[in-house]
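*Asks:* Okay, here's the structure, questions in a sec.
The values are calculated or read from the model by the stated rules, or taken from the named source; none is laboratory data. Since the model is a prediction, treat every value here as computed from it, not as a measurement. Using ideal geometry, Cβ is built from the backbone for each residue, glycine included, and neighbour counts are taken over all protein chains shown.
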Amino acid sequence: MATRFAELPEEFAPEPVAVSGGYDLAVVVPTRNEAGNVARIVASLDVALRGTRFEILFVDDWSTDGTAAAIAELARGRADIRVLRRFGRSGLASAVVEGMMATMAPVVAVIDGDGQHDERLLPRLHKAVANGAADVAIGSRYCADGSTGVWNERRLRASRAATRLSRLVLRTPVADPMSGLFAIRRDAVDALLPRLSGRGFKILFDLLTSAPEPLRIVELPYRFRLREHGDSKLGPAVAIDYLVTILDRLVRRYLPSRLVMFAGVGTLGLGIHLGVLRAMLAAQPSFARAQAVAVAVAIAFNFVANNAVTFRDRRLSGWRLVAGLASFYAVCGLGALANVGAGAVLFAHHQRWWVSGVAGAVVGSLWNFAASTLVTWRRR
Ligand code: GDD
Ligand code: MN
């Protein structure tokens with residue numbers, strides 16, 4: 001049996017200081033074309049966090065305005081300023097997550113690199129998390145005394161609508177779940193990593209909605225400032241991405257996402273089936289033969305698509321692909337029998353023809369899903 005940590009002599013116990021890298025707090029600053037702003041951010045953090053052992057971790061996504069060079073200049077002779085540069089990728093949420101993963105500090109805070117957030121809130125956000133009062137401490141524009149500052153009507157309305165929409169999927173009431181200014185325990189982030197969508201702009205929202213148990217939250221008000229240099233990256237694409245995330249969370253709560261993908265693939269497969277059937281019938285008159293070819297093609301399509309999407313984490317390749325296709329044909333064959341059987345039973349009990357038909361299709365599809373999960377794409 002392997003030796004467990006508890007059985008090791010005391011001197012092997014990890015030292016908390018070594019684990020945190022000596023810092024009590026890491027401030028993650030995502031940047032994209034913020035060359036004109038980074039010096040001020042560093043200066044303001046140095047002032048606001050005087051007396052705290054903290055490091056600054058920039059995550060720069062391929063800026064083209066010299067942001068990385070500006071950061072390098074600031075980091076000269078300072079071990080507490082680092083930059084994680086990502087190549088050919090972007091996305092605020094994943095940038096922040098990767099920044100959090102690159103530090104060993106027990107608490108991580110996030111602040112925008114453009115000076116719009118009030119860094120003077122950081123000591124209190126840090127303290128609320130460090131002393132155990134909360135898992136997450138949020139700088140909030142919407143709770144009492146908070147403010148969005150000077151914003152145009154359109155952005156204000158959009159932001160409010162997005163916040164209201166978020167209530168659909170948040171289990172704890174949060175006044176400003178889109179905030180980009182917050183602090184969180186790093187081990188809480190670690191625990192949530194496998195569940196994060198990591199997509200899009202709203203990292204806090206992603207964290208809050210991924211937690212299986214509601215996180216303990218503290219919100220502190222601040223006033224959102226005006227941007228002085230550069231442009232906001234928040235645009236229509238960000239809004240669409242946000243809606244997709246909400247949908248994803250809703251669906252994930254009520255239906256297992258694999259089943260949803262399987263059903264989506266199946267619907268496309270039905271389209272393929274009808275397309276092939278029509279093309280075959282145009283070329284030759286035998287319905288039975290045309291239908292048989294259409295079924296074979298549709299099942300093969302379902303197999304390939306499910307292999308690439310629904311079961312991508314268990315994807316089959318090489319010879320396994322051939323064996324998998326054979327087992328999927330077998331599974332779907334039995335599914336067709338289940339479909340016909342269930343439909344016939346209902347029809348015999350005087351159900352309407354279409355109720356019987358739909359019920360048969362549902363039973364057959366559920367069978368296909370369950371059986372192919374257990375056989376074709378079984379866990380190895
Ligand atoms: N690394 C990286 N990658 N950084 C990015 C990316 C990206 O793809 N996109 C934006 N950033 C950086 C910007 O350089 C800036 O430092 C910060 O993230 C926020 O981006 P802005 O473009 O300034 O966003 P905003 O001011 O419109 O939005 C702010 O308010 C929102 C609430 O309305 C942000 O704080 C959002 O997080 C917040 O949700
Ligand atoms: Mn901004």
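*Asks:* Can you find a residue that is at pLDDT below 85 and more than 16 Å from ligand 2 (Cβ to nearest atom) anywhere in segment 199-207?
*Replies:* Yes, segment 199-207 contains a residue that is at pLDDT below 85 and more than 16 Å from ligand 2 (Cβ to nearest atom).
*Asks:* If you take the residues of segment 42-74 that are surrounded by fewer than 17 Cβ atoms within 10 Å (Cβ to Cβ) and hydrophobic (A, V, I, L, M, F, W, C), which of them is nearest to the chain's Cα centre (by Cα)?
*Replies:* Among those that are surrounded by fewer than 17 Cβ atoms within 10 Å (Cβ to Cβ) and hydrophobic (A, V, I, L, M, F, W, C), it is W62.
*Asks:* A further question on this structure: Looking at (1) surrounded by 16 or more Cβ atoms within 10 Å (Cβ to Cβ); (2) more than 30 Å from the chain's Cα centre (by Cα); (3) not in a helix (DSSP H, G or I), which one does G230 not meet, given that it meets all the others?
*Replies:* (2)
*Asks:* With respect to G230, determine if the residue is away from ligand 2 (no atom under 16 Å from the Cβ), small (G, A, S) and at positive phi.
*Replies:* no
*Asks:* Hey, among E213, E219, which residue is crowded, with 18+ Cβ neighbours inside 10 Å, modelled with pLDDT of 80 or more, among the charged types (D, E, K, R) and away from ligand 2 (no atom under 16 Å from the Cβ)?
*Replies:* Only one candidate qualifies: E219.
*Asks:* To continue, here is another question. With respect to the numbered conditions (1) over 13 Å from S372 (Cβ atoms); (2) part of a helix (DSSP H, G or I), which one is the sole condition not fulfilled by P285?
*Replies:* Result: P285 fails condition (2) only.
*Asks:* Condition first: touching a helix residue (DSSP H, G or I) at 6+ places or on another chain (Cβ under 6 Å) and under 17 Å from P214 (Cα atoms). Now tell me which residues in segment 118-138 satisfy that.
*Replies:* If the condition is that a residue be touching a helix residue (DSSP H, G or I) at 6+ places or on another chain (Cβ under 6 Å) and under 17 Å from P214 (Cα atoms), then A134, D135, A137 are the ones that fit.
*Asks:* Using the structure shown, decide if L268 is surrounded by 12 or more Cβ atoms within 10 Å (Cβ to Cβ) and part of a helix (DSSP H, G or I).
*Replies:* Considered against the rule, which asks whether it is surrounded by 12 or more Cβ atoms within 10 Å (Cβ to Cβ) and part of a helix (DSSP H, G or I), L268 comes out as yes.
*Asks:* Does A95 satisfy being within 23 Å of the chain's Cα centre (by Cα) and within 13 Å of ligand 1 (Cβ to nearest atom)?
*Replies:* Yes.
*Asks:* When segment 98-119 is examined, which residues are found to be touching a residue at least 60 places away in the same chain (Cβ under 8 Å), on the phi < 0 side of the Ramachandran plot and within 12 Å of ligand 1 (Cβ to nearest atom)?
*Replies:* G99, V110, I111, D112, G113, D114, Q116, H117, D118 - these are the residues of segment 98-119 that are touching a residue at least 60 places away in the same chain (Cβ under 8 Å), on the phi < 0 side of the Ramachandran plot and within 12 Å of ligand 1 (Cβ to nearest atom).
*Asks:* Applying the selection to segment 233-257, what residues are surrounded by 15 or more Cβ atoms within 10 Å (Cβ to Cβ) and touching a Gly at 6+ places or on another chain (Cβ under 9 Å)?
*Replies:* V238, D241, Y242, T245
*Asks:* To continue, here is another question. Determine if segment 145-157 includes at least one residue that is surrounded by 14 or more Cβ atoms within 10 Å (Cβ to Cβ) and more than 25 Å from P177 (Cβ to Cβ).
*Replies:* Taking every residue of segment 145-157 in turn, none turns out to be surrounded by 14 or more Cβ atoms within 10 Å (Cβ to Cβ) and more than 25 Å from P177 (Cβ to Cβ).
*Asks:* Would you confirm whether any residue within segment 177-193 is assigned by TED's automatic domain parsing to the domain that holds R32, touching a strand residue (DSSP E or B) at 6+ places or on another chain (Cβ under 9 Å), at pLDDT below 90 and not in a loop (DSSP other than H, G, I, E, B)?
*Replies:* no
*Asks:* Would you point out which residue out of V174, V169 is part of a loop (DSSP other than H, G, I, E, B), surrounded by fewer than 21 Cβ atoms within 10 Å (Cβ to Cβ) and either in contact (Cβ under 8 Å) with a residue 60 or more places away in the chain or among the β-branched types (V, I, T) (or both)?
*Replies:* V169
*Asks:* Kindly indicate whether V375 is among the β-branched types (V, I, T) and under 25 Å from L277 (Cα atoms).
*Replies:* Here the answer is no, as V375 does not meet what is asked.
*Asks:* A further question follows. Would you pick out the residues in segment 75-95 that are surrounded by 19 or more Cβ atoms within 10 Å (Cβ to Cβ) and in contact with a strand residue (DSSP E or B) (Cβ under 6 Å, 6 or more places away or on another chain)?
*Replies:* I81, V83, L92, A95
*Asks:* Would a scan of segment 258-265 turn up a residue that is surrounded by 17 or more Cβ atoms within 10 Å (Cβ to Cβ), touching a Gly at 6+ places or on another chain (Cβ under 7 Å), of a type in the set (F, W, Y) and in a helix (DSSP H, G or I)?
*Replies:* Looking for residues that are surrounded by 17 or more Cβ atoms within 10 Å (Cβ to Cβ), touching a Gly at 6+ places or on another chain (Cβ under 7 Å), of a type in the set (F, W, Y) and in a helix (DSSP H, G or I), one finds none in segment 258-265, hence no.
*Asks:* Check S356, S317, S365, S327 and return the single one that is in contact with a Phe, Trp or Tyr (Cβ under 7 Å, 6 or more places away or on another chain) and among the polar types (S, T, N, Q).
*Replies:* Step by step, each of S356, S317, S365, S327 is checked, and only S356 is in contact with a Phe, Trp or Tyr (Cβ under 7 Å, 6 or more places away or on another chain) and among the polar types (S, T, N, Q).
*Asks:* Would you confirm, using the coordinates I've provided, whether V304 is over 30 Å from P194 (Cα atoms) and not aromatic (F, W, Y)?
*Replies:* no
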